[in-house]
Each structure stands twice: as C-alpha cells, then as structure tokens.
Amino acid sequence: MSKEYRSPHADDYSDNPIRKIGVLTSGGDAPGMNAALRAVVRTAIFYRREVVGIYQGYKGLIEKNFKNMVSGDVSNIIQLGGTILKSARCKEFHLREVREMAYNHLKEEGIDALVVIGGDGTFTGARIFAQEFGIPIVGVPGTIDNDLFGTDFTIGYDTALNTIIEAVDKIRDTATAHERLFFIEVMGRDAGFLALNGGIASGAEAVLIPETSTDITTLENYIKSGYRKSKNSSIVLVAEGEKAGGAFGIAKQVEENFPQYDVRVTVLGHIQRGGSPTAFDRILASRLGVASVEALLDDQQSVMVGISNDAVELTPFNKAIKYDKEVNTKLLDTIHILSS
Ligand code: F6P
C-alpha cells in the first residue's frame, strides 16, 4: 500500500450542510443498478447522513413514494439485476408544475440533495430540475447502452455484452446446423457499442451500427467470405438504431437481392437488460456509487460521475447529455480482418 494512503473517515465531510440524500433509479433498468444503490446508501450512512430511497424514479418524487433506508435494506442486493427501487420513464416530469410539486415533496421530507442513477433521459430531467430549484444532484451512469460521454463504461453494459455473446453462441449452433444466415438485433438505441463489441466477442462476420453505413453489396461480400471459410453459416449483428430498419429491414434487403441465402432474424430484446451483474459491473457500480455521495459532500452538483482510464471523473450533465461518445470504428476493421 502506498505511503500516501489514508482511509476515509466518517467525519471527513462533517462541515457540509447536506444532511439527507435522496436516491432514485430511472429510465431503462440496467444490471448493476442495485450494486450502485447499495454503495450510495452505505456511503451516505458511513458519512453520517440520512438516506431516502425514492421509488419508480421521478414518478416516486411526484407521488412522494419515499422510504428511509438503513444499511440492511441494501443487504444481499449486489448480485441482483433490475432495481429494488423500481424504475420508470416519467413523461409528467416534463411539466414545470409537476417538477415544482416534486420539489415541494423533497422539501417536506427534508431531502437536501439527490443521487440519480440512469441514462441521458434521467440526466436531462435532473439538469432542468437542479437549475430550476437549486437542488444539488449528482448522476450515476446506469444504462446498458454505454452511450454517455464522460465515462469509459456505463453500469450494465458489460453484463449486457455477456448476455449477448451467450445468446449468439447458441444461435450459432442452429446457424451452422441449418447453414443459415442470421441477423441478430441488439439494443443500444442510437449507439453501436453493444453491437460492435458483441460482434467481436461472438466472432460475427459483420456488424451494422448507426454510426456508419454499410451498403448491401459490401455486406454481401462479408457474408460470402464467411461462407467461403466454413463455413456455411453467418452471423451479422445489427444495432437496433441501424438506419436501414434494424435486423428485419436488412434481412428483407438481403433476401430480395441475394435469394441464395436462407435468412433468419432474431431480436434479442429485453433479455439484454436482465440478469445478475458481472464482476466488472458490480465493481464499477460500487465505485461510482461511493463517488457520487462523496461528490455531493464535496459541493459538486449537476455532474455525472464516470470512469476514465480507471480514475473517477466528473462531467457536467450538459456535456454528458449533449456530446456523443464516439464508437471506435477501428473495431469494425478488427471484425473484417478476423472474419475474412
Ligand atoms: O436505454 C436502454 C434501452 O434498453 C435501449 O437500449 C432501448 O432502446 C430502450 O432502452 C428500450 O426501452 P423500453 O424498455 O422502455 O422499451
């Protein structure tokens, strides 16, 4: 252990006026949200703060669905997928008068600050809410999409990737047995991270992502080279936001232009959002959960805590939302080299 190491002390932030912290999970659930919640609750308690769980994201703020949390409330949840606080996509929170009601509920409850765990929709709401009512909020990136600027990884992404490769490995058995061409659609909204890295890890012949366009002839060349090798089957991963209409859109074009292929489509869907978080996601969630409470007690607000080169980093909400995290398109080259 290095000489400079000093362990945290319960009195480290005793001067900070924040006494009660609310925590919620919002938007699409992601494996590791519970591990993040556990870390937020235990860190707040460690620094002698009260902590209140808010159910169903912003909906729970509006409906005052609150519960004081003690350490035991987050026992035995680090390994659970989903979120014990439940989540929601809350349209009403777009209205100013609804947000005002939410703020009044926080005041009534004596909640001084919030930790919000979610993706860009969650942070967009948090940014406006913080601006309007001056409440300190720190965000923790929880989404399988990995599409947030300001963090190398979001909580849930690694677990979703592992779910994808497990599913693709199974589909490959059928693809090979029947000599078929499979288009497998994965989640990620408008971002290709899951498709790209899922494609590399499952040995896909090609990957189609929203960030680049692949014409149908080039795609056929990739598929042909796959068939040449074995190989009589091929797997193509398609990101759901892909411009030609996802896996079904692409499959239709291929069937029309190249009828020699026996084409099938599988949409992995919400299976990608479930399951026990991987070690990577549990560790990431634990680190970011601790960092979020420390950031609040350090007077930070309207920032997202993230990980960059293995160090915790803070990014203002407006940047995390506005800027696109770029996919490394070099990874497409990796796929093409390895499948040729
Ligand atoms: O943002 C997470 C995500 O799973 C996306 O990958 C997907 O597009 C979306 O949520 C699906 O949302 P819902 O579960 O509300 O249909």
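The values are calculated or read from the model by the stated rules, or taken from the named source; none is laboratory data. If you're wondering where the values come from, they're calculated on a predicted model, not measured in any experiment. Heads up, the Cβs are rebuilt from the backbone with ideal geometry, glycines too, and the neighbour counts pull from every protein chain shown.
The figures follow:
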item: Single unsatisfied condition, Lys322 versus (1) over 30 Å from Glu179 (Cα atoms); (2) buried (at least 16 other Cβ atoms within 10 Å of the Cβ); (3) of a type in the set (D, E, K, R); (4) more than 16 Å from the ligand (Cβ to nearest atom); result: (2)
item: Residue within segment 295-306 that is more than 25 Å from Asp15 (Cα to Cα) and either surrounded by fewer than 21 Cβ atoms within 10 Å (Cβ to Cβ) or more than 16 Å from the ligand (Cβ to nearest atom) (or both) present; result: yes
item: When residues of segment 8-59 are limited to those that are in a helix (DSSP H, G or I) and within 16 Å of the ligand (Cβ to nearest atom), the one surrounded by the fewest Cβ atoms within 10 Å (Cβ to Cβ); result: Lys59
item: Residue in segment 137-151 that is hydroxyl-bearing (Ser, Thr, Tyr), within 30 Å of Leu297 (Cα to Cα) and away from the ligand (no atom under 14 Å from the Cβ) present; result: yes
item: Considering residues of segment 154-191 that are touching an Asp or Glu at 6+ places or on another chain (Cβ under 6 Å) and more than 22 Å from Pro277 (Cβ to Cβ) only, the residue farthest from the ligand (Cβ to nearest atom); result: Arg180
item: Number of the exception - Leu284 against (1) of a type outside the set (D, E, K, R); (2) assigned by TED's automatic domain parsing to the domain that holds Asn197; (3) out of contact with any Asp or Glu (no Cβ under 6 Å at 6 or more places or on another chain); (4) crowded, with 20+ Cβ neighbours inside 10 Å; result: (2)
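Results for (1) of a type outside the set (Val, Ile, Thr); (2) in contact with a His (Cβ under 8 Å, 6 or more places away or on another chain); (3) more than 30 Å from Asp112 (Cα to Cα), shown as yes or no for each residue.
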{"site": "Gly142", "(1), (2), (3)": "yes, no, no"}
{"site": "Thr176", "(1), (2), (3)": "no, no, yes"}
{"site": "Val186", "(1), (2), (3)": "no, no, yes"}
{"site": "Phe193", "(1), (2), (3)": "yes, no, yes"}
{"site": "Ser202", "(1), (2), (3)": "yes, no, yes"}
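Results for (1) in contact with a Ser or Thr (Cβ under 7 Å, 6 or more places away or on another chain); (2) outside the structural domain of Ile128 (by TED's automatic domain parsing); (3) in contact (Cβ under 8 Å) with a residue 24 or more places away in the chain, shown as yes or no for each residue.
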| site | (1), (2), (3) |
| --- | --- |
| Val303 | yes, no, yes |
| Thr315 | no, no, yes |
| Thr329 | yes, yes, yes |
| His336 | no, yes, yes |
